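Notes for the one structure printed next.
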Amino acid sequence: MITTLILNEIKHNLLSLRFVIGLLFVLIVYTGGSFIFSKKYLNEKVKDSRNQLIYQSNLETSQQGLEKLYEEGILLVKFQELSSYFTSGNESRFPKAFVIAPNAPQGASASGGMIVGGSGKNYKIENYTDFDLTFIIGIVLSFFAIVLTFDSVSRDREEGTLKQQLSNAVPRVQILLGKFVAILVLLLLAVFIGSLFSIIIFQIVIGQNVLISFPLETLLTGVLSTIYLSMFILLGLWISSSVAKSSTSLALLLVSWVILVILSPYIGGMIVQQYYPVESKQVYDEKWHSLLSTTSSETPQEYYECIQGRDNEENWKVVERYLNQRNNAFEQFITQRFMELTNQAIKAESFNLFSPYGAFKQSMERFANTGLSYHKKFFQRARQYRSQLVQFIYDQDKLDQLSRHRIDLNPKIRSMSNKPVDPAIVPRFIAPSRHVSSIDIVQSLKSICYLIILNIFFFILALFQFLRMDVRQ
């Protein structure tokens, strides 16, 4: 019996004008999003190729000696990946390139990409979305779900169809489940057809298919999208069962959709900006220039005296101690600013978790390894690479018996080995993988469980309202 109910509901909606128009709109969005992403992807790959040449050139300075490599700023870039089609994670607002230097940080970009001129606002707080799969499913298809469900019960009650079904002793639970499954199948059909359009476009324009290149991410996206869209179906069934007129149901659902999808994802940003503020760009810049001035001109007198006799081992210890303190001061200052912005963004995400769209988006970012979580991974990997590179330079320097094995701020005085080093043996930077890991899945469970709880909650409300509904009215 339930199979017949599902097929009848599918047939009724499949032939309706709103489904045809809605499907066409969804396909247009899928097609437009795929073309936009493909163009952006190809443009970014061209930039990545140039940046890779710069990185290679940075490493080749080792042929001029270790001291040159030690002073070189090395460009580390987050290369564009196909996984960003699942969700961009607002990465266009994150620093794309980090500049690390084996010697002391000479600028705010030397440790984590926190450039002074670009640190005026938190890249995660002022939220917006790109034209990616998260936008298509999270906003477009959730609205499509509202359109298909707003009169799913109220229409049948107005037309008398529901009364006829109940007179045939069909359990109300089966009727409700039949409507739910039918609408879910239609939404997934729209997703499937849209995905086929995307596959064709990617194959033609890029010559590669994101859905095949990231099969596990595609599977997880499918499961998560099903959970997310089913919540809006159950919400529609509840509202449609609670009111007498379809027009009232549509109005209530539109208001609910705007609150849940459009407004609520920005609540976290507003809260943290009000109650968890970070220092303004002006204050940060003042502190940065103050630190820069202090470490360059207000050095201890002891250092000035000892640097004149740096060949003396005891004097050199004073110089080395000062250099280490200087390095640590820069490192701590820059890292503190990075963590300050990051922690504020994490607080905003924790508030946005109560938004269904916010929870959906955060899980998608974990699956695709984009956004804030990947930015933190990249920051940590860049710092690890810097330490690895410094250790490599120290180890190579020890092999040169003519070197004084010392670090010096004075560029005119060579204190490290000037023998050429083969760039092939210089450590290479390996960026964090974009593929989903078990840790990423575990970290996304909180968001997924919240969406499941919302499904259960709206199902109970829909079932309760549907069971107590008087079809004679």
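The values are calculated or read from the model by the stated rules, or taken from the named source; none is laboratory data. As the structure is a prediction and not an experimental result, all values here were calculated from the model. We place every Cβ from the backbone using ideal geometry, glycine too, and count neighbours over all the protein chains shown. Surface areas here come from the heavy atoms of the whole protein model, side chains and all, with no ligands, DNA or RNA. Shrake-Rupley method; radii C 1.70, N 1.55, O 1.52, S 1.80 Å.
The relative contact order of region 331-473 comes to 31 percent, based on Cα pairs under 8 Å that sit 6 or more residues apart. Among the listed pairs Lys40/Lys446; Lys39/Lys281; Lys47/Lys398; Lys245/Lys361; Lys39/Lys376; Lys287/Lys377, those with a Cα-Cα distance over 30 Å are Lys40/Lys446; Lys39/Lys281; Lys47/Lys398; Lys245/Lys361.
Extending 7 Å from Cα along the Cβ direction at Val20 and again at Met339 yields two label points whose distance is 6.1 nm. Val46 exposes around 70 Å² of accessible area when a 1.4 Å probe is run over every protein chain in place. A simple rule links phi to the HN-Hα coupling: the Karplus curve 6.51 cos²θ - 1.76 cosθ + 1.60 with θ = phi - 60°, which for region 9-19 gives 5, 5, 4, 4, 6, 5, 8, 7, 5, 5, 5 Hz, with x for Gly and Pro. Rolled with a 1.4 Å probe across the full set of protein chains, the surface gives Ile448 an accessible area near 30 Å². Give, as a single signed number, the net charge of other residues whose beta carbon lies under 15 Å from the beta carbon of Gly32, with Lys and Arg counted +1 and Asp and Glu -1. Net of charged neighbours comes to 0. The heavy atoms of Ser444 offer some 0 square angstrom of accessible surface to a 1.4 angstrom probe.
Here the Karplus relation 6.51 cos²θ - 1.76 cosθ + 1.60, evaluated at θ = phi - 60°, turns the backbone of region 250-267 into coupling constants of 4, 4, 5, 5, 5, 5, 4, 5, 4, 5, 6, 10, 8, 8, 4, x, 9, 5 Hz, with x for every Gly and Pro. With every protein chain in place and a 1.4 angstrom probe, the accessible-area ranking of Tyr275, Tyr85, largest first, reads Tyr275, Tyr85.
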